[in-house]
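S.K.: Take this structure first; my questions come after.
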Amino acid sequence: MDLRHSPVVRAWQQWRRPRDLPVPAGSVDTEGANRRFLLYGVLPLWCVPAVADWIMHRRTRIEDTTGMRESALHALMMTEAGIPVAMGLLAKVNPLVLSVMGGAAVAHGATALWDVSLATGEREVRPVEQHIHSFLEVLPLAALAFTCCLHADQVRAMLRGGGAPDDWKLLPKNNPLSVAYLAGLGLAIGACVALPYAEEMTRCAKAARKRKTS
């Protein structure tokens, strides 16, 4: 099968052609306010507890305690959060995307519980870090809730099994988010999430190698 002739592939090839999704700053209607708070509140806010949690791990010397085991769980949780966020930012929200978001939120919560269970048994998890975790756990659910409110028709379609032809296809948004917004959010995630936790994993890997050779 030649994927180049797939309707889904053709749709993604024309991803940037439609007009960007307007997010007016002065809009006071419910939909506009919800979308604005999701895009400029909930998603960027995620970076703050992410950096704070990394600082807590560094202060309690994660590399000398739980090490790569906990760092790998952090990478897993970032993947569980990152995939649905990327889909929500780039793809048309339909029953497929909502199902992935819901499943990822459940998986993220379960992994977070696993992470805390591992950490509390081997290193000091201070009350401040536990409070930071509460933000990291609730923000994915908040993002999912806002998305469901903005796409109530797709929630109904998902609950009914999604009978429309495009309900279970990964399609680009009819009106994509602006390149400036996507680039800015991408830079923020890279600087506040990807780089710190890559540094953490590198530090844990170096400490593990050092212990093996000592």
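S.K.: Among Ser71, Ser99, which is under 22 Å from Glu200 (Cα atoms), hydroxyl-bearing (Ser, Thr, Tyr) and assigned to a helix (DSSP H, G or I)? Can you show your working first?
M.R.: Numbers: Ser99 fails: under 22 Å from Glu200 (Cα atoms).
Sole residue among the options that is under 22 Å from Glu200 (Cα atoms), hydroxyl-bearing (Ser, Thr, Tyr) and assigned to a helix (DSSP H, G or I): Ser71.
S.K.: Another one. Has the range 75-86 got any residue that is in contact with a strand residue (DSSP E or B) (Cβ under 8 Å, 6 or more places away or on another chain) and in a helix (DSSP H, G or I)? Break it down stepwise before answering.
M.R.: Filtering the range 75-86 for residues in contact with a strand residue (DSSP E or B) (Cβ under 8 Å, 6 or more places away or on another chain) gives none.
Within the range 75-86 (the criterion being in contact with a strand residue (DSSP E or B) (Cβ under 8 Å, 6 or more places away or on another chain) and in a helix (DSSP H, G or I)), the answer is no, since none of the residues qualifies.
S.K.: Also: Within the range 113-121, does at least one residue satisfy the condition of being within 17 Å of the chain's Cα centre (by Cα) and aromatic (Phe, Trp, Tyr)?
M.R.: So far as the range 113-121 goes, no, none of its residues is within 17 Å of the chain's Cα centre (by Cα) and aromatic (Phe, Trp, Tyr).
S.K.: Mind listing whichever residues of the range 98-156 are of a type in the set (Phe, Trp, Tyr) and without any contact (Cβ under 8 Å) to a residue 12 or more places away in the chain? Don't jump to the end; show me each part of the working.
M.R.: Taking the range 98-156 as the starting set, the residues that turn out to be of a type in the set (Phe, Trp, Tyr) are 114, 135, 146.
Residues satisfying the conditions do not exist here.
S.K.: When the residues of the range 13-39 are filtered to those that are surrounded by 15 or more Cβ atoms within 10 Å (Cβ to Cβ) and assigned to a helix (DSSP H, G or I), which remaining residue is modelled with the lowest pLDDT?
M.R.: Gly32
S.K.: Are any residues in the range 129-175 touching a Leu at 6+ places or on another chain (Cβ under 8 Å) and small (Gly, Ala, Ser), and if so, which ones?
M.R.: Residues satisfying the conditions are Ala143, Gly162.
S.K.: For Ala188, work out the one condition from (1) surrounded by fewer than 17 Cβ atoms within 10 Å (Cβ to Cβ); (2) farther than 20 Å from Pro49 by Cβ; (3) modelled with pLDDT of 95 or more it doesn't fulfil.
M.R.: Failing condition for Ala188: (2).
S.K.: Return only the number of the condition from (1) buried (at least 19 other Cβ atoms within 10 Å of the Cβ); (2) within 17 Å of the chain's Cα centre (by Cα); (3) at pLDDT 95 or above that Pro140 does not satisfy.
M.R.: Every listed condition holds for Pro140 apart from (3).
S.K.: Pairs needed: first member in the range 201-214, touching a residue at least 24 places away in the same chain (Cβ under 8 Å); second member anywhere, surrounded by 10 or more Cβ atoms within 10 Å (Cβ to Cβ) and β-branched (Val, Ile, Thr); C-beta distance under 7 Å; at least 6 residues apart or different chains.
M.R.: Cys204/Ile62
S.K.: Next question, about the same structure. Residues in the range 143-166 that are buried (at least 16 other Cβ atoms within 10 Å of the Cβ) and within 23 Å of the chain's Cα centre (by Cα): how many?
M.R.: Matching residues across the range 143-166 total 10.
S.K.: Residues being closer than 18 Å to Met78 by Cα and in a loop (DSSP other than H, G, I, E, B): count how many of those fall in the range 155-214.
M.R.: 0
S.K.: Which condition number does Ser71 fail, the rest of (1) surrounded by fewer than 19 Cβ atoms within 10 Å (Cβ to Cβ); (2) of a type in the set (Gly, Ala, Ser); (3) in contact with a helix residue (DSSP H, G or I) (Cβ under 8 Å, 6 or more places away or on another chain); (4) modelled with pLDDT of 95 or more being met?
M.R.: Result: Ser71 fails condition (1) only.
The values are calculated or read from the model by the stated rules, or taken from the named source; none is laboratory data. These figures come from a predicted structure and were not determined experimentally. We place every Cβ from the backbone using ideal geometry, glycine too, and count neighbours over all the protein chains shown.
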